[in-house]
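A.B. asks: Submitted below is the structure of interest, expressed as structure tokens.
Quick note: the coordinates plus some simple rules give every number you see, no bench work behind them. On a predicted model such as this, the values are computed, not experimentally measured, just so you know. Cβ placement follows ideal geometry from the backbone for every residue including glycine, while neighbour counts extend to all protein chains displayed.
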Amino acid sequence: MIERYSYKPISSIWSYSGRLKRFVKIEAEAVRYYESTGEIPRGSADRIARAKINKNDVIEREKITKHDIIAFLEALEEASGVSKGLHMGLTSSDILDTATGMQIRDTAKVVRKLIKSVEKILLELIHKWKGVTIMGRTHNVHAEPTTLGLKFLNHLSEFDRSAANLLNALDQGSAGVISGAVGTYAVLTPEMERYVLKNLRLKRIIGTNQVIQRDIHARIASEAAILGGCLERITLNIRLLSHTELGEVMEGFTKGQKGSSAMPHKKNPIKCERVSGMARLLRGYCTVAMENIMLMHERDISHSSAERIILPDIFHSLCFILTEVSNILGNIRVNEDNIKRNIELSGERFLSGSVLKELMKSGFSRKEGYEKVQELVFNAINKKVGLSKEILSDPGMKDLFNKAQLKAMVSQDYFTRFADEIIKDYLEEKNAI
């Protein structure tokens with residue numbers, strides 16, 4: 001990931017130096033197992049664990065060996081002074097896949113913290129704006145009023161579900177394998193695998209071949225892409241509500257910030273747009289991860305080069321998006337005057353569904369009622385009057401509706417009367433899970 005979009009904790013976890021440190025830990029625990037069985041002298045594992053590996057040394061050795069793990073082992077043997085028992089019975093993928101599992105485990109901690117940050121801000125926005133009525137839109141057209149708090153609740157519900165699925169996928173991916181060349185423990189034992197993975201705090205996946213099956217990584221990529229889409233949807237809706245003609249909810253604009261090099265008046269939603277761009281990357285990486293599932297027989301390395309790129313970049317992109325959305329939501333701007341103005345622009349047309357229901361209750365068929373309400377709405381638009389006024393002036397409607405009844409129906413409270421209950425129900429269910 002280029003520096004502009006990288007996330008420092010992820011850089012530390014997924015750097016080559018960070019990966020080499022995990023290689024050392026795995027080799028040390030494997031040797032520690034052999035110490036416990038008396039096959040090699042005590043103290044060797046500690047010497048390996050204390051060894052300092054220079055990444056440049058490994059890189060130079062790999063130019064000769066054309067094999068990254070052999071280059072690493074040569075450097076480790078020289079740095080630790082341990083030869084007996086080192087990498088005994090292991091295959092390269094035992095080290096590579098187990099190190100990846102360690103990186104995923106450590107990444108999950110970072111992601112979990114960022115998820116909690118977004119969740120906290122969304123909860124705050126739900127409570128802050130639960131009483132503010134805003135025009136709901138379907139097909140990008142005025143529908144019925146909702147509340148700004150319910151808009152944020154909708155995003156929280158989707159976010160919570162997707163975040164939980166991603167964390168579950170990361171938990172599944174926090175796994176290793178120490179099973180040998182084709183997964184049969186031919187020169188190892190299941191006991192050794194259990195021992196090493198327990199010490200590394202990793203799950204054991206039973207039924208592997210030489211590698212951990214790539215559906216696990218594809219699932220992580222898929223869930224990351226889905227969560228990225230949920231976060232993008234938040235920012236997309238902010239962008240839509242910030243249109244000049246609406247001006248209801250906007251991305252914050254700080255002192256000294258510039259929106260356009262050509263037009264000084266502009267306040268462009270650049271953070272929201274940036275989230276959309278990064279979310280597209282996640283969906284692209286997801287495709288590559290899916291392709292990596294199809295490995296031949298007990299393993300080929302067609303997945304390897306792709307994973308070296310996509311796994312770090314998935315987590316950089318995701319953490320960047322989570323951080324950016326936290327910043328956007330934490331500095332969001334709401335214009336209540338514009339929200340009220342846009343509701344008034346509807347000319348009470350949002351009453352149409354409620355009026356249709358009342359007509360059906362009074363004996364109209366659904367078809368008759370629908371056509372009558374549609375006629376009333378279009379007449380009101382042409383006359384540039386509110387729908388309630390048009391209803392009261394219609395001879396056929398006077399006996400069915402009175403002014404007080406219509407006034408109650410026009411009230412925004414009529415449409416949002418269950419808002420508090422919806423929020424309460426969700427939060428109670430969320431806390432119960």
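A.B. asks: Give me the distance in nm between label points sitting 7 Å out from Cα along the Cα-to-Cβ direction at residue 164 and residue 113, one decimal.
C.D. replies: Using points 7 Å along Cα→Cβ, the separation is 2.5 nm.
A.B. asks: Given a Förster distance of 22 angstrom, what is the FRET efficiency for residue 141 paired with residue 354, based on the Cβ-Cβ distance and rounded to 0.05?
C.D. replies: 0.80
A.B. asks: Now, a different point. Only Cα pairs under 8 Å and at least 6 apart count here; give the relative contact order of the chain as a rounded whole percent.
C.D. replies: Computed over the chain, the figure is 16 percent.
A.B. asks: Return the long-range amide H neighbours of residue 144 (sequence gap of 5 or more, or a different chain), with a cut-off of under 5 Å between placed amide H atoms.
C.D. replies: Hits under the 5 Å cutoff: 136.
A.B. asks: Sorted from fewest to most neighbouring beta carbons within 10 Å, what does the list 137, 4 look like?
C.D. replies: Least to most surrounded, the residues fall as 4, 137.
A.B. asks: Using θ = phi - 60° and the Karplus curve 6.51 cos²θ - 1.76 cosθ + 1.60, what whole-Hz ³J(HN,Hα) does each residue of segment 96-101 get, with Gly and Pro shown as x?
C.D. replies: These are the phi-based 3J(HN,Hα) values: 4, 5, 5, 5, 4, x Hz.
A.B. asks: Can you compute the charge dipole magnitude of segment 316-387 about its Cα centre, using +1 on each Lys and Arg Cβ and -1 on each Asp and Glu Cβ, nothing else charged? Give it in debye, rounded to the nearest 20.
C.D. replies: That gives segment 316-387 a dipole magnitude of about 260 debye.
A.B. asks: Out of these labelled values of volume of the Cα convex hull per residue in Å³, (1) 201; (2) 160; (3) 168, which was calculated from the coordinates shown here?
C.D. replies: (1)
A.B. asks: Also: What is the sum of charges, Lys and Arg at +1 and Asp and Glu at -1, for the other residues whose Cβ falls under 15 Å from the Cβ of residue 49?
C.D. replies: Every neighbour counted, the sum reads +3.
A.B. asks: Moving on. Take the Cβ-Cβ distance between residue 340 and residue 399 as r, set R0 to 35 Å, and report the resulting FRET efficiency rounded to the nearest 0.05.
C.D. replies: 0.60
A.B. asks: Placing +1 on the Cβ of each Lys and Arg and -1 on the Cβ of each Asp and Glu in segment 347-432, which of 381, 360, 406 has its Cα farthest towards the positive end of the resulting dipole?
C.D. replies: Result: 381, furthest along the dipole toward the positive end.
A.B. asks: So, in nm, how far is label residue 57 from label residue 294 when the simple model puts each one 7 Å beyond its Cα toward the Cβ?
C.D. replies: 4.3
A.B. asks: Could you rank the peptides 343-350, 128-135, 56-63 by their average count of other C-beta atoms within 10 Å per residue, with the highest value first?
C.D. replies: 128-135, 343-350, 56-63
A.B. asks: Going highest first, how would you order 40-46, 359-365 by mean Cβ packing within 10 Å?
C.D. replies: With the highest mean Cβ count within 10 Å placed first, the list reads 40-46, 359-365.
A.B. asks: Just to be sure I understand the curve: with the Debye formula and one point per C-alpha of segment 1-89, what is log10 I(q)/I(0) at q = 0.12, 0.22, 0.25 Å⁻¹?
C.D. replies: After summing over all Cα pairs, the log10 values are -0.41, -1.01, -1.17.
A.B. asks: Taking the Cα centre of segment 266-397 as origin, work out the dipole magnitude from +1 charges on Lys and Arg Cβ and -1 charges on Asp and Glu Cβ, in debye rounded to 20.
C.D. replies: It works out to roughly 500 debye.
A.B. asks: Also, quick follow-up: Taking the Kirkwood radius as the inverse of the mean 1/r across Cα pairs, report the Rg/Rh of segment 347-432.
C.D. replies: Checking Rg against Rh, the ratio lands at 1.12.
A.B. asks: Which whole-Hz couplings ³J(HN,Hα) result when phi for each residue of segment 294-299 is put into the Karplus expression 6.51 cos²θ - 1.76 cosθ + 1.60, θ = phi - 60°, listed in order with x for Gly and Pro?
C.D. replies: 7, 9, 7, 6, 7, 2
A.B. asks: Then there's this: Can you show me the helix-derived [θ] at 222 nm for the chain, built from DSSP H runs with n ≥ 4 at -39,500 (n - 2.57) apiece and divided by the number of residues, rounded to the nearest 500.
C.D. replies: -21500 deg cm²/dmol
A.B. asks: Taking the Cβ-Cβ separation of residue 283 and residue 201 as r and a Förster radius of 30 Å, what is the calculated FRET efficiency to the nearest 0.05?
C.D. replies: 0.45
A.B. asks: Quick one: net charge of residue 264's neighbours, Cβ under 15 Å, K/R +1, D/E -1?
C.D. replies: Taking every other residue near residue 264 into account, the sum is +4.
A.B. asks: Could I ask something else about it? Take residue 263 and residue 213, extend 7 Å from each Cα along the Cα→Cβ direction, and tell me the distance between the two endpoints in nm.
C.D. replies: Label at residue 263, label at residue 213, 5.4 nm between them.
A.B. asks: For the chain, what is the percent of antiparallel DSSP beta bridges, rounded to the nearest 5?
C.D. replies: 80
A.B. asks: Taking H placed 1.01 Å from N in the peptide plane, check which residues at least 5 places from residue 175 or on another chain put their amide H under 5 Å from its amide H.
C.D. replies: Long-range HN contacts for residue 175: 101, 203.
A.B. asks: How large is ³J(HN,Hα), in whole Hz, for each residue of segment 396-411 in order, when computed from phi with the Karplus curve 6.51 cos²θ - 1.76 cosθ + 1.60 and θ = phi - 60°, using x for Gly and Pro?
C.D. replies: Karplus values, whole Hz, x for Gly and Pro: x, 9, 4, 7, 9, 10, 10, 4, 5, 5, 5, 4, 5, 6, 6, 3.
A.B. asks: Still on this structure, please answer the following. Using the crude model of +1 on Lys and Arg Cβ and -1 on Asp and Glu Cβ, and no other charge, please compute the dipole size for the chain relative to its Cα centre, in debye to 20.
C.D. replies: Using Cβ point charges on Lys, Arg, Asp and Glu, the chain gives about 1080 debye.
A.B. asks: Still on this structure, please answer the following. Given the Cα-Cα distance of residue 301 and residue 157 and 0.36 nm per residue of separation, how much length would full extension add, in nm?
C.D. replies: Gain on stretching residue 301 to residue 157: 47.9 nm.
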